[in-house]
1. Just the residues that are open to solvent by 30 Å² or more (accessible area, probe 1.4 Å), out of contact with any Ser or Thr (no Cβ under 6 Å at 6 or more places or on another chain), part of a loop (DSSP other than H, G, I, E, B) and small (Gly, Ala, Ser), please, taken from region 212-254.
2. Let me spell it out: the conditions are (1) open to solvent by 50 Å² or more (accessible area, probe 1.4 Å); (2) within 30 Å of Leu157 (Cβ to Cβ); (3) in a loop (DSSP other than H, G, I, E, B); (4) in contact (Cβ under 8 Å) with a residue 40 or more places away in the chain, and Pro81 meets all of them except one. Which number is the exception?
3. Based on this model, can you work out whether Ser45 counts as open to solvent by less than 20 Å² (accessible area, probe 1.4 Å) and outside any loop (DSSP other than H, G, I, E, B)?
4. Just checking, which of Asp242, Asp178 is over 17 Å from Tyr21 (Cβ atoms) and out of contact with any Lys or Arg (no Cβ under 9 Å at 6 or more places or on another chain)?
5. Checking Cys63 against (1) open to solvent by 20 Å² or more (accessible area, probe 1.4 Å); (2) assigned to a loop (DSSP other than H, G, I, E, B), which test does it fail?
6. With the requirement that a residue be open to solvent by less than 50 Å² (accessible area, probe 1.4 Å) and either modelled with pLDDT of 90 or more or assigned to a helix (DSSP H, G or I) (or both), what does region 261-270 give you?
7. Could you count how many residues in region 48-59 are touching a residue at least 24 places away in the same chain (Cβ under 8 Å) and either hydrophobic (A, V, I, L, M, F, W, C) or open to solvent by less than 40 Å² (accessible area, probe 1.4 Å) (or both)?
8. With respect to the numbered conditions (1) part of a helix (DSSP H, G or I); (2) closer than 20 Å to Leu58 by Cβ; (3) not assigned by the TED database to the domain that holds Cys19, which one is the sole condition not fulfilled by Ala257?
Amino acid sequence: MRHSLPLAPQFYVTAPQPCPYLPGRMERKLFTALQGDSAEKLNDSLSKQGFRRSQNVLYRPSCSECSACLSARIDVRSFAPSKSQRRSLKRNAHLHRRASSPWATEDQFELFRRYLDARHADGGMADMDIFEFAAMVEETPIRSRIVEYTDGARGDLAAVCLTDVLDDGLSMVYSFYDPDLPKSGLGTWMILDHIDIAREAGLPYVYLGYWVPGSPKMGYKAQFSALEIYRRGRWEPMRGDDDYASETHPLSTDPIAEQVANISLPDSRG
């Protein structure tokens with residue numbers, strides 16, 4: 001019997017688990033498989049609707065009592081660095097960028113482990129081994145790049161970002177850096193460098209993942225100018241934290257069936 005992929009993607013919901021951003025809350029995710037000839041079109045389309053990629057899965061938070069996780073992106077054409085961000089650019093001018101096909105190396109994994117142990121020892125990736133790391137980097141059905149940043153003088157690997165290339169921008173899937181260089185602001189600097197990459201490539205946006213009002217872990221994203229938030233089915237310029245207080249209310253979420261019905265899917269023809 002011949003089997004083929006379904007014409008439309010099938011959506012599923014994960015079981016609730018403790019939220020990593022807001023204490024006392026539970027999270028769940030709406031997700032679908034990213035596979036087949038239309039994987040790139042699907043990723044482009046759903047990324048514009050608040051979804052993120054993890055290997056061959058696209059997901060979006062879909063919590064039953066909260067909608068605080070808001071997808072964020074930077075409008076490259078309108079972005080202007082702050083004084084502290086300009087200092088970060090100068091401070092890290094000695095770093096060299098190298099973008100290549102997504103291929104995991106032992107040097108990347110060693111840096112990744114040091115980063116996790118120092119910054120996210122109790123996070124969901126804390127027990128990831130080298131095989132799981134390789135899967136995270138290499139298992140991608142779309143255009144992805146691994147962007148390495150090395151010290152120009154010593155040649156040491158300082159930072160890495162797994163980046164997807166969308167039809168309207170760059171999506172920073174996951175980044176990590178040398179935890180022994182806290183004053184370098186490498187996390188901020190990698191975002192600034194991706195803004196430069198997008199500008200050079202003529203791409204209008206840099207997607208940063210989720211911003212969560214009230215979460216200290218996500219506060220750094222609000223420091224970028226020209227930040228847009230995907231909220232209630234559209235992108236809008238970001239406002240202050242207080243303007244998003246309603247997103248943590250138990251009545252702020254739509255039923256799962258309604259959420260899925262409102263997802264726009266790409267035309268599979270041609």
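The values are calculated or read from the model by the stated rules, or taken from the named source; none is laboratory data. Keep in mind the model is a prediction, meaning the values are calculated, not measured. Cβ placement follows ideal geometry from the backbone for every residue including glycine, while neighbour counts extend to all protein chains displayed. To get the accessible areas, we keep the full protein, side chains included, count just its heavy atoms, and leave off ligands, DNA and RNA. Shrake-Rupley method; radii C 1.70, N 1.55, O 1.52, S 1.80 Å.
1. Listed by number, the residues that qualify are Gly214, Ser225, Gly233, Gly240.
2. (1)
3. no
4. Numbers: Asp178 fails: out of contact with any Lys or Arg (no Cβ under 9 Å at 6 or more places or on another chain).
The unique qualifying residue is Asp242.
5. Result: Cys63 passes all but (1).
6. Ile263
7. We begin by selecting, within region 48-59, every residue touching a residue at least 24 places away in the same chain (Cβ under 8 Å); these are 48-50, 52-59.
Subset that is either hydrophobic (A, V, I, L, M, F, W, C) or open to solvent by less than 40 Å² (accessible area, probe 1.4 Å) (or both): 49-50, 52-53, 57-58.
Number satisfying all stated conditions: 6.
8. It is condition (3) that Ala257 fails.
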